[in-house]
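Enquirer: This is the structure, below, for whatever I ask next.
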Amino acid sequence: MRALRQRGRITQAQLALQLGISPSYLNLIEQNRRPLPAMLLIKLSDILQIDLKTFSTDADIRRTGELIEVFADPLFDEDDVTTQEVRDLVATSPVLSRAIVRLFDAYRSAARSRDSLAARLSDGQDLASEETLRLPTEEVSDLIQHHANFFPVLEEGSARVSRDGRLDTGDMAEQLTRYLESHCGVRVKLDQADAMGGATRRYDPARRELTLSEVLRRGSRNFQLAYQIGLLTQSDAIDGIAADPLLTSDESRALCRVALANYFAAAVLMPYDAFLAAAQAERYDLELLGHRFRVKFEQTCHRLTTLRKPGHEGVPFHMVRVDIAGNISKRFSASGLRFARYSGACPRWVVFAAFLTPGEIRTQLSEMPDGTRHFWVARTVRKARGGYHAPRTEFALGLGCEVRHAARMIYAEGMNLHTREAIVPVGVTCRACERMDCEQRAFPALQHRLKINEHVRGLSFYVPVDRC
């Protein structure tokens with residue numbers, strides 16, 4: 001509140017007068033010694049012309065998590081920054097908190113550039129190219145999170161296409177092909193895998209021709225047809241969203257357009273109202289929903305995270321996709337769960353255990369260090385290009401929610417969601433995790449200095465013996 005007042009160049013006396021309170025009471029609020037009543041908050045938003053979301057607790061939690069991860073970097077090992085100090089910083093200096101995160105992003109980018117330049121120098125390569133401040137994937141993930149993974153303009157666009165194309169649950173491929181030909185002037189054809197050169201979809205704007213690979217199954221073929229319709233019919237809406245200042249490079253904006261066209265395709269194949277009604281009726285049975293709407297497991301999970309229409313929401317899910325090395329390639333959270341931004345994820349998450357039983361759904365009831373509990377569903381997904389020699393890649397996908405929503409999912413049937421024995425203690429990432437009794441700890445914790453006793457072996461090299 002103090003930062004917002006100072007940014008607006010208003011004195012305490014002036015703001016107190018406009019709020020109808022005494023300067024001393026305003027001072028107590030700014031010092032965190034008095035709460036900010038709802039009526040004063042509404043007045044404040046009008047006076048300073050600010051969005052009430054500025055005071056969102058969720059935003060503070062996310063920023064706190066980011067800063068904890070920042071200060072977990074070895075760069076700050078000698079500073080002994082505590083979690084409470086980070087929380088205090090976020091609460092009293094939100095602008096400074098954001099600036100520190102941006103500065104750390106720039107620092108990491110400079111470190112990546114340094115390593116890249118050193119590698120190119122050692123190999124005698126050209127140094128003309130430059131690194132961007134942040135990876136395009138990170139910027140697009142941040143934009144999707146900023147919009148809560150809900151884009152009303154694309155939902156409306158998909159509804160128009162469905163209405164104009166008279167799309168139903170019949171032969172969707174034929175209907176989408178007909179729409180491309182009649183409304184977009186695009187001819188669709190199939191071609192052999194060898195002729196596609198490893199691609200599954202190619203569009204030639206000059207010839208107005210879309211070519212799909214023979215390796216695409218029915219659901220994937222439908223998705224690629226809907227994707228192309230999105231690029232052609234929703235270009236203004238997609239470009240408008242991609243013009244967000246959060247995206248700082250052409251690569252980020254191009255990747256964003258791909259993500260938004262994918263969003264549109266999912267909205268066409270899984271119309272909002274029909275899909276939400278089916279999800280609720282079938283208690284979020286992921287595989288059954290995939291069969292009904294003829295989409296893949298991953299596409300089903302994606303769509304469930306987008307059901308955020310005000311007053312007509314589904315379960316607020318978080319979703320993450322990882323490879324077997326622990327790299328996070330997709331992440332989104334509507335549940336409040338924070339994913340690591342600068343380092344790997346907690347190995348105790350069930351999403352990693354999914355690799356042990358490929359193709360089978362696994363569940364987990366987890367608890368974060370702050371006491372929040374989540375219910376997880378995880379399964380591996382395989383991407384293949386077709387043919388014996390075609391490359392195959394395998395990922396694990398995790399979908400979860402706060403435990404208070406778990407009973408709405410079929411996977412929680414028969415589970416006691418309140419017993420301590422069923423809970424798996426997890427964290428976000430090792431450096432930021434406060435748990436000192438974890439045998440899977442891979443790095444020392446930020447909150448505890450590393451103590452080595454060469455004569456005693458504990459749970460882990462990074463767990464003090466007196467904690468075992």
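The values are calculated or read from the model by the stated rules, or taken from the named source; none is laboratory data. Since the model is a prediction, treat every value here as computed from it, not as a measurement. Cβ: placed from backbone, ideal geometry, glycine included. Neighbour counts: every protein chain shown.
Enquirer: Looking at 323, 370, 273, 285 in this structure, which one is surrounded by 16 or more Cβ atoms within 10 Å (Cβ to Cβ) and among the acidic types (Asp, Glu)?
Expert: 285
Enquirer: Within the bounds of segment 261-271, is there any residue that is more than 30 Å from residue 363 (Cα to Cα) and at pLDDT 95 or above?
Expert: Yes, because at least one residue in segment 261-271 is more than 30 Å from residue 363 (Cα to Cα) and at pLDDT 95 or above.
Enquirer: Check residue 87 against each of (1) charged (D, E, K, R); (2) modelled with pLDDT under 80; (3) surrounded by 15 or more Cβ atoms within 10 Å (Cβ to Cβ) and name the one condition it does not meet.
Expert: Tallying (1) charged (D, E, K, R); (2) modelled with pLDDT under 80; (3) surrounded by 15 or more Cβ atoms within 10 Å (Cβ to Cβ), residue 87 fails exactly one: (2).
Enquirer: Of all residues in segment 1-26, how many are touching a helix residue (DSSP H, G or I) at 6+ places or on another chain (Cβ under 6 Å), of a type outside the set (Gly, Ala, Ser) and assigned to a helix (DSSP H, G or I)?
Expert: Total satisfying the criteria: 9.
Enquirer: Mind checking which helices (runs of 4 or more DSSP H) fall wholly inside segment 189-289 and carry at least 3 residues that are assigned by TED's automatic domain parsing to the domain that holds residue 156 and among the hydrophobic types (A, V, I, L, M, F, W, C)? It would help to see each step written out before you state the result.
Expert: On the way: elements: 193-196, 218-233, 235-242, 250-269, 272-281.
Ranges flagged: 193-196, 218-233, 235-242, 250-269.
Enquirer: If the requirement is being in contact with an Asp or Glu (Cβ under 8 Å, 6 or more places away or on another chain), surrounded by 17 or more Cβ atoms within 10 Å (Cβ to Cβ) and polar (S, T, N, Q), which of these qualifies: 329, 335?
Expert: Of 329, 335, the one residue that is in contact with an Asp or Glu (Cβ under 8 Å, 6 or more places away or on another chain), surrounded by 17 or more Cβ atoms within 10 Å (Cβ to Cβ) and polar (S, T, N, Q) is 335.
Enquirer: Looking at 344, 414, 359, which one is touching a Ser or Thr at 6+ places or on another chain (Cβ under 8 Å), in a loop (DSSP other than H, G, I, E, B) and closer than 23 Å to residue 284 by Cβ?
Expert: 359
Enquirer: Looking at (1) surrounded by 19 or more Cβ atoms within 10 Å (Cβ to Cβ); (2) over 16 Å from residue 183 (Cβ atoms); (3) at pLDDT 95 or above; (4) of a type outside the set (Val, Ile, Thr), find the lone condition where residue 230 falls short.
Expert: Failed condition: (2).
Enquirer: In segment 58-77, which residue that is more than 18 Å from the chain's Cα centre (by Cα) and modelled with pLDDT under 75 is surrounded by the most Cβ atoms within 10 Å (Cβ to Cβ)?
Expert: Among residues in segment 58-77 that are more than 18 Å from the chain's Cα centre (by Cα) and modelled with pLDDT under 75, the one surrounded by the most Cβ atoms within 10 Å (Cβ to Cβ) is 77.
Enquirer: Would you check if there is a residue in segment 115-135 being surrounded by 12 or more Cβ atoms within 10 Å (Cβ to Cβ) and modelled with pLDDT of 80 or more?
Expert: Start the filter on segment 115-135 by keeping residues that are surrounded by 12 or more Cβ atoms within 10 Å (Cβ to Cβ), which leaves 116-117, 120, 125, 131-135.
Applying the additional criterion that residues be modelled with pLDDT of 80 or more yields 135.
Checking segment 115-135: at least one residue is surrounded by 12 or more Cβ atoms within 10 Å (Cβ to Cβ) and modelled with pLDDT of 80 or more.
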